[in-house]
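Peer 1: Before we start, here is the structure in question, set down as structure tokens.
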Amino acid sequence: MTELLKISLPDGSVREVPPGSTPADIAAAIGPGLAKAALAARVNGEVRDLTRPFEGDAELALITARDEADALELARHDYAHVLAEAVQALFPGTQITFGPATDDGFYYDVKAPDTRGPFGMEDLPAIEEKMREIIRADKPLRREVWSREALIAKWEGEGESFKAEWAKELPEGEELTVYWSGDDWLDMCRGPHLPSTGKLDPDAFKLMRVAGAYWRGDQNNAQLTRIYGTGWLNKKQLNAHLMRLEEAAKRDHRKLGRELDLFHFEDFAPGAVFWHPHGWSLFQNLIAYMRRRQEQAGYVEVNTPDVMDRSLWETSGHWFNYGEHMFTTQTEDERVFALKPMNCPGGVSLFAHGLKSYRDLPLRMAEFGKVHRYEPSGALHGLMRVRHFTQDDAHIFCTADQLNDENRAVVALVLDIYREFGFEDVRIKLSTRPENRMGSDETWDRLEGSLIDTLDAMGHEYTINEGEGAFYGPKLEFVLRDAIGRDWQCGTLQVDMNLPQAFDIGYIGEDGERHRPVMLHRALFGSLERFIGILIEHYAGKLPTWLAPVQAVVATIVSDANDYAHEVEARLKAAGIRVETDTRNEKINYKVREHSLAKVPHLLVVGKREAEEGTVAVRTLGAEHQKVMGLDEAIAMLRAEATPPDLVAI
């Protein structure tokens, strides 16, 4: 008699089924509603197709649209395959490569037939319509295991050179699977997939754009076309996403940077920012704020060289683990130097200078260091992804006993700073040891444990990013959610016992012996350039008064008020307000519109009456009506709004 398989369900019940049974069979046995709603199954923690037979006793959780994260991942994966099938159906001779799901959709890299040029935006409507046709056909998606020889022969026989190359390089002994779409199209894929194309909503996706790509990301290989799409579970989700994209386009810091005259970029300095006066004012405001917060928290400010010898980077490990991102040069005496991609080796060198005692610890050294990292041209994106940027870096050297206290102080500081900039929703991620790393497992256990203990003691929730730590230590990443729901990774806290060992630094303990310090790497804004980009988009350019490069403009209605306007300007400047005066011979409505578009928080309008009465008519950005105020009252109001939040209680 055949022994039945025991399948454990989330409610604690166990179903006994014959060998060869599938999760789909379990769903059908529970009820027709679940059988219809089920999209895939989690078997012993692994997401699998509904029709894949159980291989033994198992724990089973059926996945439906209510399990949104899993359902979206499956749907986007399937949209990518449907995209590839549609392109090949419309354009015979197209070669396909890979098509993964992304955070908000999918893409597929394809090579157009030799009879035509690369695919363009004009091709997308036809491809979309063909995709909808495939979805509405409700074609079954069926998994098959193939031999390596059969798979290679198929791809070579059909002229799919990219797929054939990839199949040849897959590890020996690895199970090679394909998925059929109906009986007339297949692709090589590990899966899993939905039961059929009809489980996708034909109105819940949109092809967005095309871009150039290279086979395997290598510019020496064949050029491909990458077709991007966004995919969702239903049309409502799609429309909400498209509205977010529309709002994001309005908030694009590159667009607002031009309109507000903050910065620009040049082709002869790729990835480097040219700050205009107003943009540099904003930059300096951030540095002044951070200087105050760091001084209050017991930091000293230092500065280290931008260019340092190769030997330093070899000792730190950057030369071997980060070398492809470093700018280097060789001088006439054949010494090799690098522009610093990170500030930490300089911080270690500062600590190593002179004898240190346990009485000197914790030593918190902050640096607004300019770092230089090579990023591919295609990865550059305004202020968000540059090659040269300033970090609000700090390196804390402490004893092992002081480590948890220092961790807690950094976490509390960074969260408080984000609140003062208007970011209340902050996610924390713990990135653990990567495969390529320095130090022993024992050291990594200790460092990861210290971060976990810190977060647990403070009551903060966090997620774990396995293998995403720096090569010298685990780290916490602080992710801000902005006004339209986008996530931005900004601050970091890394704990490190490996660089102190590599540089053989130490301090004299209370026992008179030499001890190794623990090193914390800490950035709060992260990149100042990137943080400014995030602020611009979060506030849609309407920065809080305390941050605005120009906090007020005094605008005249008639030339008779010019002298009074300059008197108001002088009073405001004396009160510490960043103010400009507009006495141009233009209509006041023109001036109001121009300064509103420039996102100036307050416009102080003055005419003959205001000059005679010592008042100003205050127009606040976004308000429907102006308010006439005495000059002293207006100055007090502006001073209150212009005071940075860290100085409000002082």
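Peer 1: Distance check, please: which entries in LYS111/LYS163; LYS111/LYS139; LYS255/LYS587; LYS130/LYS250 exceed 20 angstrom between their Cα atoms?
Peer 2: Flagged as over cut-off: LYS111/LYS139; LYS255/LYS587; LYS130/LYS250.
Peer 1: Now for a separate question. Explain nothing, just the number: dipole magnitude of the chain about its Cα centre with +1 on each Lys and Arg Cβ and -1 on each Asp and Glu Cβ, in debye rounded to the nearest 20.
Peer 2: Numbers: 75 positive and 105 negative charges, 341 e Å.
The calculated dipole for the chain is roughly 1640 debye.
Peer 1: Roll a 1.4 angstrom probe over the protein heavy atoms and tell me the percent of accessible area of the stretch 291-371 that is carbon or sulfur.
Peer 2: Carbon and sulfur atoms account for 49 percent of the accessible area of the stretch 291-371.
Peer 1: Report, by chain and number, residues whose modeled amide H sits under 5 Å from the one on GLY105, excluding near sequence neighbours (fewer than 5 apart, same chain).
Peer 2: Those qualifying (amide H under 5 Å, at least 5 residues apart or on another chain) are GLY231.
Peer 1: Give me the net charge for the shell around GLU301: Cβ to Cβ below 14 angstrom, other residues only, Lys and Arg +1, Asp and Glu -1.
Peer 2: Result for the local shell: +1.
Peer 1: Using the heavy atoms of the protein chains and a 1.4 angstrom probe, tell me the accessible area per residue for the stretch 40-100 in square angstrom.
Peer 2: Ligands and nucleic acids excluded, the figure is 40 Å² per residue.
Peer 1: Can I ask one more? So what's the angle, to the nearest 10 degrees on a 0 to 90 scale, between helix 441-458 and the longest Cα principal axis of the chain?
Peer 2: 60
Peer 1: Report, by chain and number, residues whose modeled amide H sits under 5 Å from the one on LEU50, excluding near sequence neighbours (fewer than 5 apart, same chain).
Peer 2: Distant-sequence amide H within range of LEU50: ALA41.
Peer 1: Could you list which residues have their amide H under 5 Å from that of PHE98, counting only those 5 or more apart in sequence or on another chain, with H placed in the peptide plane?
Peer 2: ASP109
Peer 1: Moving on to the next point. Just the Cα atoms of the stretch 369-524, one point each, no solvent: what log10 I(q)/I(0) does Debye give at q = 0.17, 0.18 Å⁻¹?
Peer 2: So the normalised log intensities work out to -1.10, -1.21.
Peer 1: Counting only protein heavy atoms and using a 1.4 Å probe, what share of the accessible area of the stretch 49-96 belongs to carbon plus sulfur, as a whole percent?
Peer 2: With neighbouring chains kept in place, the figure for the stretch 49-96 is 47 percent.
Peer 1: Could you work out how far helix 528-538 tilts from the main Cα principal axis of the chain, as a 0 to 90 degree angle to the nearest 10?
Peer 2: Approximately 80 degrees, to the nearest ten.
Peer 1: Let me ask something else about it. Restricting to DSSP H runs of at least four residues, report the calculated mean residue ellipticity at 222 nm for the chain, -39500 (n - 2.57) per run over all residues, nearest 500 deg cm²/dmol. Intermediate results must be reported in sequence, preceding the final value.
Peer 2: Details: 20 runs with 226 residues, N = 650.
The helix-only estimate for the chain comes to -10500 deg cm²/dmol at 222 nm.
Peer 1: Shifting gears a bit: Give me the distance between the Cα centres of the stretch 516-584 and the stretch 199-269, rounded to whole Å.
Peer 2: Centre-to-centre distance over Cα atoms comes out at 31 Å.
Peer 1: Using only the Cα atoms of the stretch 110-230, build the gyration tensor, take square roots of its eigenvalues as a ≥ b ≥ c, and label the shape rounded, prolate or oblate: rounded if a/c is under 1.5, else prolate if a/b is larger than b/c, else oblate. It would help to have the intermediate numbers written out before the result.
Peer 2: Values: a/c = 2.00, a/b = 1.11, b/c = 1.81.
Since a/c reaches 1.5 but b/c is at least a/b, the shape of the stretch 110-230 is classed as oblate.
Peer 1: Determine ³J(HN,Hα), in whole Hz, for all residues of the stretch 415-430 in sequence, where each value follows from phi through the Karplus function 6.51 cos²θ - 1.76 cosθ + 1.60 and θ = phi - 60°; x replaces Gly and Pro.
Peer 2: 5, 5, 4, 4, 4, 5, 9, x, 10, 8, 9, 10, 9, 10, 10, 9
Peer 1: Give me the one-decimal nm value for the distance between modelled label points at GLU149 and LEU90, 7 Å along each residue's Cα-to-Cβ direction.
Peer 2: Computed distance between label sites GLU149 and LEU90 equals 3.9 nm.
Peer 1: Classify the stretch 531-650 from the C-alpha gyration tensor, please: rounded if a/c falls under 1.5, else prolate or oblate depending on whether a/b exceeds b/c.
Peer 2: Oblate is the answer for the stretch 531-650, as a/c is 1.5 or above yet b/c matches or exceeds a/b.
Peer 1: From the list (i) 19, 48, 27, 6, 0; (ii) 15, 38, 35, 12, 1, 0; (iii) 16, 43, 28, 10, 3, 0, can you say which value of P(r) over Cα pairs in 20 Å bins from 0, in percent was derived from the structure given?
Peer 2: Given (i) 19, 48, 27, 6, 0; (ii) 15, 38, 35, 12, 1, 0; (iii) 16, 43, 28, 10, 3, 0, the calculated one carries the label (ii).
Peer 1: Further, regarding this structure: Counting alpha carbon pairs within less than 8 Å and at least 6 residues apart, what relative contact order, in whole percent, applies to the chain?
Peer 2: Working: 1180 pairs, mean separation 56.0, N = 650.
Rounded, it is 9 percent for the chain.
Peer 1: What are the ³J(HN,Hα) couplings of the stretch 544-557, residue after residue, when phi is run through the Karplus curve with 6.51, -1.76, 1.60 and θ = phi - 60°? Round to Hz, x for glycine and proline.
Peer 2: The phi angles translate into x, 3, 5, 9, 4, x, 10, 8, 7, 10, 8, 10, 8, 8 Hz.
Peer 1: Let me ask something additional. Rounded to the nearest 10 degrees, what's the angle between the helix 562-574 long axis and the longest principal axis of the chain, both from Cα atoms, 0 to 90?
Peer 2: Between the helix axis and the principal axis of the chain, the angle is about 70 degrees.
Peer 1: Go ahead and run the numbers for FRET between GLU158 and ASP218, Cβ-Cβ distance against an R0 of 35 Å, rounding to 0.05.
Peer 2: According to the calculation, E is roughly 0.90.
Peer 1: Further, regarding this structure: If a/c stays under 1.5 just call it rounded; otherwise compare a/b with b/c (prolate if a/b is bigger, oblate if not). Do that for the stretch 93-149, with a ≥ b ≥ c from the square roots of the Cα gyration tensor eigenvalues. List each step's numbers first, then the result.
Peer 2: Working: a/c = 1.61, a/b = 1.22, b/c = 1.31.
Oblate, because a/c is 1.5 or more while a/b does not exceed b/c.
Peer 1: Across the stretch 202-216, in residue order, what do the Karplus-derived ³J(HN,Hα) couplings come to in whole Hz, using 6.51 cos²θ - 1.76 cosθ + 1.60 with θ = phi - 60° and x for Gly and Pro?
Peer 2: Residue by residue, the stretch 202-216 yields x, 10, 10, 9, 7, 7, 9, 6, 10, 8, x, 8, 10, 4, 6 Hz.
The values are calculated or read from the model by the stated rules, or taken from the named source; none is laboratory data. A quick note: this is a predicted structure, and the numbers were derived from the prediction, not measured. Don't worry about glycine lacking a Cβ; one is built from the backbone with ideal geometry, like all the others, and counts go over all protein chains shown. Side chains included, ligands, DNA and RNA excluded: accessible areas come from the protein's heavy atoms. Shrake-Rupley method; radii C 1.70, N 1.55, O 1.52, S 1.80 Å.
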